[in-house]
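One structure is given here, and the rest of the page talks about it.
The values are calculated or read from the model by the stated rules, or taken from the named source; none is laboratory data. Because the structure is predicted, anything quoted here is derived from the model rather than measured. Cβ: placed from backbone, ideal geometry, glycine included. Neighbour counts: every protein chain shown.
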Amino acid sequence: MKNQLALAPIKILSITPCHNYGIIILPFSSLPGFIHNPCVLLFSLIRNSFVTLDILKPTFMNLIERAKNIIISPAKEWNVIADETPDTGKIITGYVLPLAAAAALAAFIGLGLIGVSFLGVRVAGVEWGIYAAIEVLVTAILGVFISALVIDALAPSFGSEKNMARSVQLVSYSYTPVWIGGLLAILPVLRWIGAIAGAAYGLYLLYIGLPKIKKTPADKQVGYFVVSLLVTVVISVIIRYIMVRILPNPYYYGGGSINISY
């Protein structure tokens with residue numbers, strides 16, 4: 001009964017004339033109609049949203065619950081995570097990407113639509129927003145894998161478990177406050193506050209997570225953390241340098257706008 005009610009508006013829409021185009025909407029399974037008639041596309045998206053929301057709701061709720069718990073009660077949540085069987089693909093697609101995408105969207109809105117001013121220089125524009133969003137997404141994915149690779153490679157040297165899936169698990173959840181803090185980028189003046197606070201708390205999560213996820217002995221926890229951090233920072237700087245060289249910056253090709261006021 002519930003499904004019938006949900007699909008009722010779609011059944012009505014599917015036989016309703018699209019006045020802007022003067023035609024009857026084609027069946028949703030019709031590929032030509034889907035391509036050439038914007039109304040078919042709109043109604044198809046509406047219909048599919050019923051199914052999509054039902055599918056994504058459990059995953060979304062799990063993501064919110066995990067993010068909340070790892071920030072509010074990290075010690076307890078690391079114990080819960082340690083009892084789980086790590087699934088790298090699911091962690092990346094179901095946790096890392098959604099959070100990073102939210103931070104990327106905030107960066108796009110903040111820099112692309114609102115803009116930022118500093119010392120009389122204002123930077124804004126869709127191109128800048130796209131650049132910032134891509135940078136957030138790429139940095140998130142590369143950051144997780146690079147950090148995980150470094151931590152996993154160093155594990156035997158500090159009496160810890162060498163397990164790449166566990167390392168991805170550790171790093172991904174430790175990055176949570178970084179992406180949550182990234183939401184502040186929607187107001188550019190708060191962007192650095194979110195970045196610094198998120199990074200600081202993320203390092204704390206990583207530190208207390210090492211013995212639980214990587215089974216690091218207490219006497220080697222500090223050394224493992226410090227060495228992993230230093231190596232990761234060096235590699236990240238190199239990656240960022242390469243990104244700046246490869247990713248087209250609006251400043252160099254005249255995209256967006258830079259206004260200077262006196």
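Listed by first and then second residue, the pairs with beta-carbon distance under 6 Å, at least 6 apart or on different chains, first residue in region 203-216 and over 13 Å from SER228 (Cα atoms), second basic (Lys, Arg), are ILE213/ARG166. The residues in region 194-207 that are of a type in the set (Val, Ile, Thr) and surrounded by 15 or more Cβ atoms within 10 Å (Cβ to Cβ) can be counted, and the count is 0.
Look at region 122-137: where a residue is part of a helix (DSSP H, G or I) and among the small types (Gly, Ala, Ser) and a partner is surrounded by fewer than 18 Cβ atoms within 10 Å (Cβ to Cβ) and modelled with pLDDT under 80, sitting 6+ places away or on another chain with Cβ atoms under 7 Å, you get GLY129/LEU113.
Elements of the type helices (runs of 4 or more DSSP H) sitting completely within region 72-116 and holding at least 3 residues that are over 18 Å from LEU170 (Cβ atoms): these cover 97-107. When the residues of region 64-96 are filtered to those that are under 20 Å from the mean Cα position of the chain (by Cα) and without any contact (Cβ under 8 Å) to a residue 12 or more places away in the chain, the one that is surrounded by the most Cβ atoms within 10 Å (Cβ to Cβ) is ASN69.
Annotation: of all residues in region 208-243 being exposed (fewer than 11 other Cβ atoms within 10 Å of the Cβ) and farther than 17 Å from LEU149 by Cβ, the one that is modelled with the lowest pLDDT is TYR241. Looking across VAL144, VAL231, VAL150, VAL178, one residue alone is β-branched (Val, Ile, Thr), at negative phi, assigned to a helix (DSSP H, G or I) and over 22 Å from the mean Cα position of the chain (by Cα). It is VAL231. Filtered by the rule that a residue be under 23 Å from GLY194 (Cβ atoms) and in a loop (DSSP other than H, G, I, E, B), region 153-175 gives a lone residue, TYR175.
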